[in-house]
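Values in this text are rule-based calculations from the coordinates and carry no lab data. Just so it is clear, the model here is predicted, and its values are computed rather than measured. Cβ coordinates were reconstructed from backbone atoms using ideal geometry, including for glycine residues, and neighbour counts include every protein chain displayed.
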Amino acid sequence: MEKLTQYRQIIKQVLQHYMDIIKKCPDPNQETEIVLDEVGDHYLMHDIGWADTKRIWNTSAYVRIRNGKFYIEIDWLEQGIATDLLEKGVPKEDIVLAFHHPSVRPWTEFAVA
C-alpha cells in the first residue's frame, strides 16, 4: 500500500509540473485540465477550448497505475512521462509503455506488463 500511495503522489507531482509550465504562457482560447482519479488510478491531462470554429479536445497524457506499475497510455509531453518517472526514482520495471503494442514492448527498456 505504501508503494501505491507513493506512486500516486509521484504522478500528481509530474502532471502538476507540466501544469505549472503551461500556466506561464496561457492560451486564452484553450484550457489545460488535470484529472486525478485515485479510486480507479487514472491520471490525465487534456486540453479543451476553441481554435476559431474548431473544437479542441485533446488528451496530452494518460497514465494508469495497475498492478503496482505505471501504464503510460498516452504521452505527448515534451520530455516524456517515463523520463520524469525515472528522475523521481521509479525503476524501469515499474513503467510500461502501454502506447506500444505488447509485441513491441520487449524491445523497449521498460516493463512489458
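Structure notes:
- Gaussian network model of the chain, Cα within-10 Å springs - most flexible of TYR71, TYR18, TYR43: TYR18
- Under 5 Å from the amide H of ILE95 lie the amide H atoms of PHE70, ALA111, each residue being 5 or more positions distant or on a separate chain, with H modelled from the backbone and absent for Pro and chain starts.
- Each of VAL104, ILE21, THR53 was scored by the projection of its Cα onto the charge dipole of segment 2-107, and the greatest displacement toward the positive side belongs to VAL104; charges sit on the C-beta of Lys, Arg, Asp and Glu.
- Derived scalar couplings ³J(HN,Hα) [segment 37-42; Karplus, 6.51 cos²θ - 1.76 cosθ + 1.60; whole Hz; x for Gly, Pro]: 10, 6, 6, x, 6, 10
- R0 of 25 Å, Cβ-Cβ distance GLN16-ASP94: FRET efficiency to nearest 0.05: 0.80
- Computed label-point distance, nm, for sites GLN30 and VAL104 using a 7 Å Cα→Cβ extension: 2.4 nm
- Rounded tilt (10° steps) of 2-24 against the dominant C-alpha axis of the chain: 30 degrees
- Net charge dipole, the chain: roughly 200 debye, given to the nearest 20, about the Cα centre with Cβ charges of +1 for Lys and Arg and -1 for Asp and Glu.
- The distance between label points at ARG66 and GLU78 comes to 3.0 nm (points 7 Å beyond Cα on the Cα→Cβ vector).
- Neighbourhood charge, 13 Å Cβ-Cβ cut-off, centred on ASP41 and excluding it, Lys, Arg +1 and Asp, Glu -1: +3
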